[in-house]
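The values are calculated or read from the model by the stated rules, or taken from the named source; none is laboratory data. All values derive from a computational prediction rather than experimental measurement. Neighbour counts run over all protein chains shown; Cβ positions are idealised from the backbone, glycine included.
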Amino acid sequence: MIVVVPAFAVPLSDKTGLKTKFDVDVGDKTYVIETVANFNIDDVAFYNDTLVFQISSGLQNNLLELQIPQNITKGEIHLFLNEQEVVPKILANQKISFVTLEFPGNGTHTLKVKSDFTLVPEPEIIQDEPVNMVVIFVAVAIIAIAAGSVMMYKKRKPVTR
C-alpha cells in the first residue's frame with residue numbers, strides 16, 4: 001500500500017466559495033438568485049424593490065459573486081453593505097447581472113442590492129361585459145323623444161297679432 005503525503009500543505013484559499021441557489025418571491029413570480037461566496041448567506045429576501053442578503057462570515061477577506069435575473073434588477077445597480085454604499089464589479093447581459101464584490105470584516109453583515117427598476121404588475125385583462133340591450137333601447141328612446149320635441153318646437157310658428 002502506497003500513501004502519498006504532500007510535502008507542503010497549502011490551506012484552501014479565502015477565495016474558495018460554495019455555490020448556492022435561493023428562490024426569491026417577487027410579486028407573484030419566483031426568481032432564482034445564484035451565489036458563490038466564501039461565507040454563509042443566512043437569508044435572501046426581496047423587500048420594497050430591494051434584495052436583502054443576511055451574511056455571517058468567519059473570514060476577514062470576503063468574496064461574493066451574484067447572478068441576479070434582469071427581471072428584478074434592470075437599470076443601474078447599487079449595493080449597500082451595512083448601510084454604506086460599495087462599488088462592486090458588475091457585468092450584465094439580457095438575462096442576468098453578474099456582480100462580484102470583495103469586502104473585509106468577519107461577523108454579521110447585511111447586503112442590500114437596489115436598482116432603478118421597479119416591478120410593475122402586469123395589467124389585468126378585463127373581460128367585456130355583455131351589452132345590456134334594455135339600457136341601449138331606453139337611451140335611444142330618450143334621444144328620439146328629445147329630438148322630436150326640438151323639431152316640434154322649431155316647426156311651431158309664432159302667433160302674430
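With respect to residue 65, is the statement that it is closer than 19 Å to residue 110 by Cα, of a type in the set (Asp, Glu) and exposed (fewer than 12 other Cβ atoms within 10 Å of the Cβ) true?
Working: closer than 19 Å to residue 110 by Cα: yes; of a type in the set (Asp, Glu): yes; exposed (fewer than 12 other Cβ atoms within 10 Å of the Cβ): no.
In short, no.
On the basis of being closer than 17 Å to residue 96 by Cα, touching a residue at least 12 places away in the same chain (Cβ under 8 Å) and of a type in the set (A, V, I, L, M), does residue 51 make the cut? First the steps, then the outcome.
Values: closer than 17 Å to residue 96 by Cα: yes; touching a residue at least 12 places away in the same chain (Cβ under 8 Å): yes; of a type in the set (A, V, I, L, M): yes.
Answer is yes for this residue.
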Checklist entry - From 126, 142, which residue is over 39 Å from the mean Cα position of the chain (by Cα), modelled with pLDDT under 90 and β-branched (Val, Ile, Thr)? => result 142
Next on the checklist: So in the range 65-121, with the set limited to residues that are farther than 14 Å from residue 33 by Cα, of a type in the set (A, V, I, L, M) and not in a strand (DSSP E or B), which one is modelled with the highest pLDDT?
Outcome noted: 87
